[in-house]
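Please treat every number below as a calculation from the coordinates, not as lab data. All values derive from a computational prediction rather than experimental measurement. Note that each Cβ is placed from the backbone with ideal geometry, even for glycine, and that neighbours are counted across all protein chains shown.
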Amino acid sequence: TPHTLLAQQDISAHLHPFTNLAAHADVGPLVITRGDGIHVIDEQGRRYIEGMSGLWCSSLGFSHPRLVAAGIEALQTLPYYHTFNHRSNPPVAQLAEKLLALAPVPMGRVFFANSGSEANDSAVKMVWYYHNAIGKPGKKKILARHKAYHGVTVAAASLSGLPTNHRDFDLPIDRISHVDCPHHYRFGLPSESEEDFATRLADALEQRILAEGPDTVAAFFAEPVMGAGGVIVPPATYFAKIQAVLRKYEVLLVADEVICGFGRTGAMFGSTTFGMQPDILTCAKALSSGYVPISAVMVSPAVHAAIAANSGKIGTFGHGYTYSGHPVACTIALETLRVYEDEHILEHVQALAPGFQARLRALGQRASVGEARGVGLIGALELVADKASRQSFAPELKAGPRLAQLAQEEGLIVRAMGDTVALCPPLIISEAELGELFARLERAFGRFEATLG
Ligand code: PLP
């Protein structure tokens, strides 16, 4: 079918992120024009269940009246002001206080940015600033994990552990390197228990810190559940073991809660679900249900005290964005957090999660699925050519994208990351809508497996 006028405009003018640019003119854009609850609607009026909340963010769906009303009022009241040099505004102060009250561990202060990448870049700079401030300027190296996703700015892309984030960009930068990914299904040894796997990874981390030199290692970044790397849920004891090593060598733990934050795992933060006690926590996405760009970095009282004291010496904390603490974004974020409470979203997720995970695992019985995994309302299905040997499909088959395309034809948007297909529906999804989501996914699987012959 020929492209619509809008599609043609897009093709000739818009350089897309994370897209095969060479193929864009042929494939054409899927132009989404409207949102309604858990649905998005395209130019032709086709409705899709957004099984990924966009990019893991639209937790309250696409038409929440309270967020819209809050945004309109904020635009009419104070459409912009900054927060440099002691300036503030009502929503930023209230939002900061609210985030400290929700934090999974006692936190000292909250810094605001506009995206997950910026939050993580800010966290990297704060880590360096902190170690300089406490007289440990040798601590510069940062460890993250293979298959991590922390964003795309230079430091955040370096923290990420996926080839697409590094290849052809001359990344990672020298100070950032990677350790093992805690995916038992793929990296556990034959007959190794999850517990033993976690022990082995913690031992390997300790050996790595010793090899690098403990006086040179500044921080360890980790998502509670690795999202874009394939929804990888760590072994239950993984973070306890990792943290024991980090504490021994005075390495800060930075929890990237950009996906897990605000109820996704069944607790307010993934750190609570997985027993993490971060020194620094970054969040974004569901902080505003994706309605406006905003992210936050929470720092522990100790980190705050050290960087505040140092800024007193040199006269300023030399970091911040034009839009740090943007009043419209902060108003919508604050309203989002209030809606989570007023609509009992956490309890709703806890009620729905067992059914969601059970349905996911039922799909995991299919011949083409090697592993079904997840926690709370996030999950993934890893497609395999052979279930017993866990043999992957040939890359040229593009099994994951094919399944995602078939799901789209069935009216369901899911995300293929290689041959892992992720689900991360809006947290407001109802039991009936969940049933419909899985019915569409089942139909897509039926068609997918039929094409395998
Ligand atoms: N961290 C995690 C865990 C993410 O999933 C993402 C985005 O998907 C980011 C950071 C980067 O966020 P942004 O795209 O807002 O820069």
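Quick look at the numbers
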{"item": "Cα centroid of segment 343-390 to Cα centroid of segment 16-77, whole Å", "result": "24"}
{"item": "Calculated from backbone phi, Karplus (6.51, -1.76, 1.60) coupling profile of segment 72-79 in Hz, x at Gly/Pro", "result": "4, 5, 5, 5, 6, 8, 8, x"}
{"item": "Cβ crowding within 10 Å averaged over residues, with 380-391, 5-16 ranked highest first", "result": "380-391, 5-16"}
{"item": "Part-to-part distance (alpha-carbon centres) for segment 292-310 and segment 251-287, which is given in Å", "result": "15"}
{"item": "Residue-by-residue Karplus 3J(HN,Hα) for segment 373-389, coefficients 6.51, -1.76, 1.60, Hz, glycine and proline x", "result": "8, x, 7, x, 10, 10, x, 7, 10, 9, 7, 9, 6, 9, 5, 5, 8"}
{"item": "Cβ-based net charge around residue 128, under 14 Å, with every Lys or Arg adding one and every Asp or Glu removing one", "result": "+3"}
{"item": "For segment 1-127: rounded, prolate or oblate by the Cα gyration tensor [a/c cutoff 1.5]", "result": "prolate"}
{"item": "Sum of -39500 (n - 2.57) over DSSP H runs of 4+, divided by residues of the chain (222 nm, nearest 500)", "result": "-13000 deg cm²/dmol"}
{"item": "Protection proxy ranking of 182-193, 218-229 - average other beta-carbon atoms within 10 Å, highest first", "result": "218-229, 182-193"}
{"item": "For segment 134-250: rounded, prolate or oblate by the Cα gyration tensor [a/c cutoff 1.5]", "result": "oblate"}
{"item": "Residue-span extension gain [residue 177 to residue 389] - 0.36 nm each, minus C-alpha spacing", "result": "73.2 nm"}
{"item": "Mean Cβ count within 10 Å, highest first, over the residues of peptides 44-53, 289-298, 76-85", "result": "289-298, 44-53, 76-85"}
{"item": "Separation of alpha-carbon centers, segment 78-102 and segment 417-437, rounded to whole Å", "result": "34"}
{"item": "Convex hull of Cα atoms in segment 68-342, direction-averaged projection (nm²)", "result": "14.6"}
{"item": "Bridge type composition, segment 68-342 - antiparallel percent by DSSP, nearest 5", "result": "40"}
{"item": "For segment 28-33, Karplus couplings with θ = phi - 60° (6.51, -1.76, 1.60), whole Hz, Gly/Pro x", "result": "x, x, 8, 8, 8, 10"}
